[in-house]
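These notes are about the structure you will find just below.
The values are calculated or read from the model by the stated rules, or taken from the named source; none is laboratory data. It should be emphasised that the depicted structure is a prediction, and the values quoted were computed from it without experimental measurement. A quick note on method: Cβ atoms are made from the backbone with ideal geometry, for glycine too, and the neighbour counts reach across all protein chains shown.
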Amino acid sequence: MDLKNNKMKMIPLIAATGLTALLALSSAQVKAGELFPQNSEVSRQAVLRGAITPERAWWDLSHYHLSVKVDPKKQTISGTNTMKYRVLAKQERLQVELQAPMQLTKVMQNGQALTVEQDGYSYFITPKTSQAIGSEHTLTMHFSGKPLVAKRAPWDGGITWEKDSNGLDFIASSNQGIGASIWWPNKDHAYDEPDNGVLMSVEVPEHLVDVSNGRLIKTDHNQQAKTKTYHWQVINPINNYGININIGDYVHFGEKYQGEKGQLDMDYWVLRENLTKAKTQFKQAKMTIEALEHWFGPYPFYEDSYKLVEAPYLGMEHQSSVTYGNGYKNGYLGRDRSLAGPGLLFDFIIVHETGHEWFANNITNKDVADMWIHESFTNYSESLFLEYHFSQAQAYEYIRGQRINIRNQAPIIGKYNVHSEGSSDMYDKGGNMLHTIRQVINDDEKWREILRGLGETFYHQTVDSQDIESYISEQSGIDFSKVFDQYLRDIRIPTLEYYIKGDTFKVRWSNAKKGFDMPIRVYINDKSQWLTPTTSWSDVESDKKHPSFKADSNFYINTLNVLGN
Ligand SMILES: [Zn+2]
């Protein structure tokens, strides 16, 4: 998700308050200083958010049990997060995040309250016992407060407190970018996921239903308190930002899909008033799983099932709980982002957010700077859906049409270690980069094998850009390092310059990084031919005096006749 937000995410500055205000320079400050030498408060907070600090690196998350009570009247959330972790290295203080105005009130381990120091959004917890490498531990964080209200969900993040048309509460969390710590305390960095998943126990007024990630394993009814607690279980690793609550007057329907790994449970939770519309529109969910299993391999979370859940905002890739708010219409809020036509053949949110189950949820970026791994492949999944269910011509038309959304103002890859996303070009330009790479590979079966191979090789892992780039180069047998550099780390679009005069016919790449040498399919006198230009002029063979020349439009490049004739 996140198609409108073209701003770098800045971490708002919050002074140290609360539990134990930091009077002296903490070791985190010293270490942050080493990582990011600028002595500014904002930079330090960005490093605390974005770097794998020593206070994060020494322990590995294995499980969360998030137990919360949601009070729609007071718009508060309170509860506990019981976190299990394994010790990997020499013990340090333990770093977690919770963003104001939410408050971490107490941290308990083995029946004892632990010392906690706050530094902005980060909390540093000192275990009382010595924790040996390889040992496993549990601690419980108690928290409460009135979480930030999302103003433009899902782009800003927070909690949305809406009403449905019957006046009943319709509530949801969304926190991509801003971080899950906007409403609950956790290790808020993408590189580490709880290996054994999460159990969520969400207490809501008894007339409402909570839908969260994974499978509903139990519902408790507290008749005295007039509340129900819904227990949802995820057994696979899960992104922090994917963990979500959705509370409303939900009704349920479902189906079974015979997929590549057997029977997939597909469940749909929608507002009562939208049941009829949903039963028609959500037929595309199965179509999406079918198409994307073909291209990307098995749906990555059979154990946790697949769900599509109506939300009071446009949508988000919450793992095994994909949220939907596209108005039961095809396109992106009823329009075609490519302006080419094929974008109205499918429901953008169903396809895009479901595509993220493979890229974002299965394969996750370690650092948000590499978020192209989520968005570029998912952008491309939209055209793969079209290619599978409609035609390659329409799919190609759609992907090329999306170029109108590309800005080329900042590189796709952001800044590492400071919680900084790259530019919004990670969607349409990233998708077009993948489409261009596919043209160079020039073998659709090989291309599909590579896509499927990514899902298998990096199954349930967090990765960096280099992992994905190297895999594609190795598997294709073509060195794409310069292509990735050009499209991910530079804003310039390569220009294929050509020069035709008399017997002279030359081409070269310009407006590109030094050494850029991507092969390209061109049409000379309408005949398809491969060229391997470099950044120096090279001769092109032609049997005609005034050949016609054009590059294949599926390559995302510019062309320039340097003589202008
Ligand atoms: Zn997305």
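Residues to consider are Val270, Val309; find the one that is touching a helix residue (DSSP H, G or I) at 6+ places or on another chain (Cβ under 6 Å) and either under 27 Å from Ile171 (Cβ atoms) or part of a helix (DSSP H, G or I) (or both).
Val270
Which condition number does Ile349 fail, the rest of (1) crowded, with 23+ Cβ neighbours inside 10 Å; (2) part of a loop (DSSP other than H, G, I, E, B) being met?
Of (1) crowded, with 23+ Cβ neighbours inside 10 Å; (2) part of a loop (DSSP other than H, G, I, E, B), only one is false for Ile349: (2).
Can you find, within the range 392-428, the residue that is nearest to Gly179 (Cα to Cα) among those that are in a loop (DSSP other than H, G, I, E, B) and charged (D, E, K, R)?
Glu421
Return only the number of the condition from (1) over 29 Å from Pro312 (Cα atoms); (2) buried (at least 24 other Cβ atoms within 10 Å of the Cβ); (3) more than 15 Å from the ligand (Cβ to nearest atom) that Pro411 does not satisfy.
Here Pro411 meets the rest and fails (2).
In the list Thr323, Thr354, which residue meets the criterion of being in a helix (DSSP H, G or I), within 14 Å of the ligand (Cβ to nearest atom) and crowded, with 20+ Cβ neighbours inside 10 Å?
Thr354
State whether the residues of the range 244-262 include one that is over 24 Å from the mean Cα position of the chain (by Cα), in contact (Cβ under 8 Å) with a residue 40 or more places away in the chain, under 30 Å from Trp155 (Cβ atoms) and assigned to a loop (DSSP other than H, G, I, E, B).
Checking the range 244-262: at least one residue is over 24 Å from the mean Cα position of the chain (by Cα), in contact (Cβ under 8 Å) with a residue 40 or more places away in the chain, under 30 Å from Trp155 (Cβ atoms) and assigned to a loop (DSSP other than H, G, I, E, B).
Conditions (1) under 28 Å from Asp467 (Cβ atoms); (2) surrounded by fewer than 20 Cβ atoms within 10 Å (Cβ to Cβ); (3) not aliphatic (A, V, I, L, M), marked per residue:
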{"site": "Asp485", "(1), (2), (3)": "yes, yes, yes"}
{"site": "Asp490", "(1), (2), (3)": "yes, yes, yes"}
{"site": "Thr495", "(1), (2), (3)": "no, yes, yes"}
{"site": "Lys501", "(1), (2), (3)": "no, yes, yes"}
{"site": "Ala512", "(1), (2), (3)": "yes, no, no"}
{"site": "Asp517", "(1), (2), (3)": "yes, yes, yes"}
{"site": "Ile520", "(1), (2), (3)": "yes, no, no"}
{"site": "Tyr523", "(1), (2), (3)": "no, yes, yes"}
{"site": "Lys527", "(1), (2), (3)": "no, yes, yes"}
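Give all pairs with beta carbons closer than 9 Å in which a residue from the range 278-289 that is of a type in the set (Lys, Arg) meets a residue that is crowded, with 21+ Cβ neighbours inside 10 Å; count only pairs at least 6 apart in sequence or on separate chains.
Within 9 Å, the pairs are Lys279/Tyr268; Lys279/Val270.
Tally time: how many residues in the range 326-346 are surrounded by fewer than 20 Cβ atoms within 10 Å (Cβ to Cβ) and within 16 Å of the ligand (Cβ to nearest atom)?
Number satisfying all stated conditions: 2.
Six or more apart or on different chains, Cβ under 7 Å: which pairs go from a residue in the range 419-436 that's among the acidic types (Asp, Glu) to one that's within 14 Å of the ligand (Cβ to nearest atom)? Could you list them?
What qualifies is Glu421/Gly177; Glu421/Val368; Glu421/Met371; Asp425/Ile412; Asp428/Asn379; Asp428/Gln402; Asp428/Asn405.
How about the range 519-565: which of its residues are closer than 19 Å to Ile441 by Cα and of a type in the set (A, V, I, L, M)?
Ile520, Val522, Leu531, Ala551, Ile557, listed by residue number.
Any idea which of (1) in a loop (DSSP other than H, G, I, E, B); (2) buried (at least 24 other Cβ atoms within 10 Å of the Cβ) is the one Tyr191 doesn't satisfy?
Tallying (1) in a loop (DSSP other than H, G, I, E, B); (2) buried (at least 24 other Cβ atoms within 10 Å of the Cβ), Tyr191 fails exactly one: (2).
Is it the case, given these coordinates, that Ala172 is over 15 Å from Tyr64 (Cα atoms) and either aliphatic (A, V, I, L, M) or modelled with pLDDT of 95 or more (or both)?
yes
Starting from the range 439-456, keep only residues that are touching a residue at least 12 places away in the same chain (Cβ under 8 Å) and among the small types (Gly, Ala, Ser), then list their pairs with residues that are assigned to a helix (DSSP H, G or I) and surrounded by 18 or more Cβ atoms within 10 Å (Cβ to Cβ) whose Cβ atoms are within a distance under 8 Å, requiring at least 6 positions of separation or different chains.
Going by the 8 Å Cβ cut-off, the qualifying pairs are Gly455/Phe296.
Residues in the range 288-309: is at least one more than 16 Å from the ligand (Cβ to nearest atom), in contact with a Gly (Cβ under 8 Å, 6 or more places away or on another chain), among the β-branched types (Val, Ile, Thr) and modelled with pLDDT of 95 or more?
Looking for residues that are more than 16 Å from the ligand (Cβ to nearest atom), in contact with a Gly (Cβ under 8 Å, 6 or more places away or on another chain), among the β-branched types (Val, Ile, Thr) and modelled with pLDDT of 95 or more, one finds at least one in the range 288-309, hence yes.
Among the residues that make up the range 371-378, is at least one of them surrounded by 24 or more Cβ atoms within 10 Å (Cβ to Cβ), in a helix (DSSP H, G or I) and more than 10 Å from the ligand (Cβ to nearest atom)?
yes
Can you pull out every residue in the range 207-243 that is in a strand (DSSP E or B) and either among the hydrophobic types (A, V, I, L, M, F, W, C) or under 17 Å from Ser305 (Cα atoms) (or both)?
First, pick out the residues of the range 207-243 that are in a strand (DSSP E or B): 209-211, 215-222, 227-234.
Hits for the range 207-243 are Val209, Asp210, Val211, Arg215, Leu216, Ile217, Lys218, Tyr230, His231, Trp232, Gln233, Val234.
It is to be established whether one or more residues within the range 434-455 are within 16 Å of the ligand (Cβ to nearest atom), closer than 29 Å to Lys286 by Cα and either outside any helix (DSSP H, G or I) or of a type in the set (Phe, Trp, Tyr) (or both).
Checked the range 434-455: no residue is within 16 Å of the ligand (Cβ to nearest atom), closer than 29 Å to Lys286 by Cα and either outside any helix (DSSP H, G or I) or of a type in the set (Phe, Trp, Tyr) (or both).
Can you tell me which residue among Val368, Val418 is buried (at least 22 other Cβ atoms within 10 Å of the Cβ), at pLDDT 95 or above and away from the ligand (no atom under 16 Å from the Cβ)?
Answer to the check: Val418.
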